[in-house]
Amino acid sequence: MKRVLLVILFVSVALVGLGIQQLVVNSYMSDPEPKRVFEELVQQFESMYPDFEVTVNTFAHEDFKVLLRTWLTSSNPPDVVTWFAGERMRYFASKDLLEPIDDIFENGFEADFPKAFVSASSYEDRIYFLPQSWYWWGVYYRKSVFEELGITVPLTWKQFLDVCETLKANDMIPITIGTKYLWTAAGVFDYLNMRVNGMDYALKLTNGEIPYTDDGMKAVFEYWKQLVENGYFIEDATSYTWQEAATYLFTGEAGMYLMGQFIKDVAPPDVKDDLDFFRFPIIDGNLGLYEDTPIDGFMMPANAKNKEAGKTFLKFIASKEAQEYFATELGRLAANKHVPAPDDHAKKGLEMILSSDGVMQFYDRDTDPEMANAGMNGFVEFMTFPSRLDTILKNLEAERNRIYK
């Protein structure tokens, strides 16, 4: 062990002597495709800046969420970390755990990024978050399966229920979902809430201003109950990660999956071009059409040791070239507004968002982290035990009152 430590120390001293700047990035991009593309971006950065050596530590997504708090409060954190825009970022900024990065945007944030991203990337008028990519959510399906069964893409809730019945009648799982990690259930909640109550109501809820026992909340779960009690969801959803549940869609055993665009990251090559999506169906035609558009990117811990190196790396990630490469390889929408949608699938997603009446981040990105965890646990419990709804909502309301005081 002593010999290993001495070797590491010797190498570190040698690199410093050569003027090599060390940079440590902790990443949640653990799925094979995002991991590959990010590694290639790092290689491009090192080619452009040969005096920098980047160490990327990759962690499973759910492990990363737990470990991040430990890193940010450490005296020796990584220099850059991946994370989410919105309340998830603001929570850490409010605790003085993040370094403001306004100075990496030489011409100002809005010169390269949409004005709509400012609020999701800032806290108290300082920028703490670098957006890299964003994506839409939709109900994904296989075109060949819908064609074979003569299914037309549904626009309304009634049509959506009819599609579920057709799939069920053909011995298929109407909707697959993996709730082993809770956030997938939050996606269902978000869309039902936006379609039943509208975006203003949804934002007030995530801000802690609306009781979970409110009639609007009860209405959301009445629609959700239709899907649960009719047996439209996959059985034992809590046994599956989101990727494992997606396999049922890829194999044709399930018909639909409400999921973000990143579902294509894990789709087999022979299935990717057969995947398509439609907008979550309309429930109340008097309400606007609202969508979830989460933004992913990077932050810098306040205790980072190599801040100048980290900011050089973030400037590179912010560039049109780096953002275009990442978006093109993964079929995402780049945060940099000078990068066009990379393919027809992304263009369709962008058109859906541009034609919407408003967008949110995502339930667990828009609300207090502690409330989000309680809420998502409640959603998953409801999907397994819908008869417990009243108790679940009372418990969530007790949590809201405790957390928001």
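The values are calculated or read from the model by the stated rules, or taken from the named source; none is laboratory data. On a predicted model such as this, the values are computed, not experimentally measured, just so you know. FYI the Cβ positions are ideal-geometry reconstructions off the backbone, even for glycines, and counts take in every protein chain you see. Side chains included, ligands, DNA and RNA excluded: accessible areas come from the protein's heavy atoms. Shrake-Rupley method; radii C 1.70, N 1.55, O 1.52, S 1.80 Å.
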Average accessible area per residue (Å²) across the chain - probe 1.4 Å, nucleic acids and ligands excluded:
44
So, R0 is 45 Å and r is the distance between the beta-carbons of A111 and A169; what FRET efficiency does that work out to, to 0.05?
0.25
Between helix 344-354 and the chain, what is the angle of the helix's C-alpha long axis to the longest principal axis, kept within 0 to 90° and rounded to the nearest 10?
80
What accessible area, in Å² to the nearest ten, does a 1.4 Å probe give for R88?
30
Quick one: among T70, T293, T247, which has the greatest mean-square fluctuation in a GNM of the chain with alpha-carbon springs under 10 angstrom?
T70
Ordering V25, V118 by the accessible surface of their heavy atoms, 1.4 Å probe, largest first, yields V118, V25
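Suppose only helical runs count, i.e. DSSP H with n ≥ 4. What mean residue ellipticity at 222 nm does that imply for the chain under -39500 (n - 2.57) per run, divided by all residues and rounded to the nearest 500 deg cm²/dmol?
-14500 deg cm²/dmol
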C-alpha center-to-center spacing [the stretch 27-58, the stretch 143-221] in angstrom:
36
Spin-label pair T238/E148, simplified geometry with 7 Å Cα→Cβ offset, distance in nm:
3.3
In nanometres, the difference between 0.36 nm per residue of separation and the alpha-carbon distance of D162 and T58 is 33.2 nm
How many angstrom lie between the Cα centre of the stretch 361-385 and the Cα centre of the stretch 108-132?
26
Specify the angular offset, from 0 to 90 degrees and rounded to the nearest 10, of the alpha carbon long axis of helix 2-17 from the longest principal axis of the alpha carbons in the chain.
70
So which lysines pass the test for K305, namely a Cα distance under 20 Å, with those fewer than 8 places away in the same chain ruled out?
K95, K315
Kindly flag which residue pairs out of K347/K394; K65/K307; K143/K394; K115/K307 have an alpha-carbon separation exceeding 32 Å in this structure.
K347/K394; K143/K394
Work out how much length D215 to R69 would gain on full extension: take 0.36 nm times their residue separation and subtract the Cα-Cα distance, in nm to one decimal.
49.0 nm
Where does helix 215-229 land angle-wise versus the long Cα axis of the chain, in degrees 0 to 90, nearest 10?
80
Among [x] 70, 52, 48; [y] 74, 72, 45; [z] 110, 73, 32, find the value of Cα extents along the principal axes in Å that was calculated from the structure presented, and write down its label.
[x]
In terms of solvent-accessible area of protein heavy atoms at a 1.4 angstrom probe, what is the ranking of Y123, Y232, highest value first?
Y123, Y232
What distance in nm lies between label points placed 7 Å from Cα along the C-beta direction at K347 and S319?
2.8
Please report the accessible area of S239 (heavy atoms, 1.4 Å probe, ligands and nucleic acids excluded) in Å², nearest 10.
70
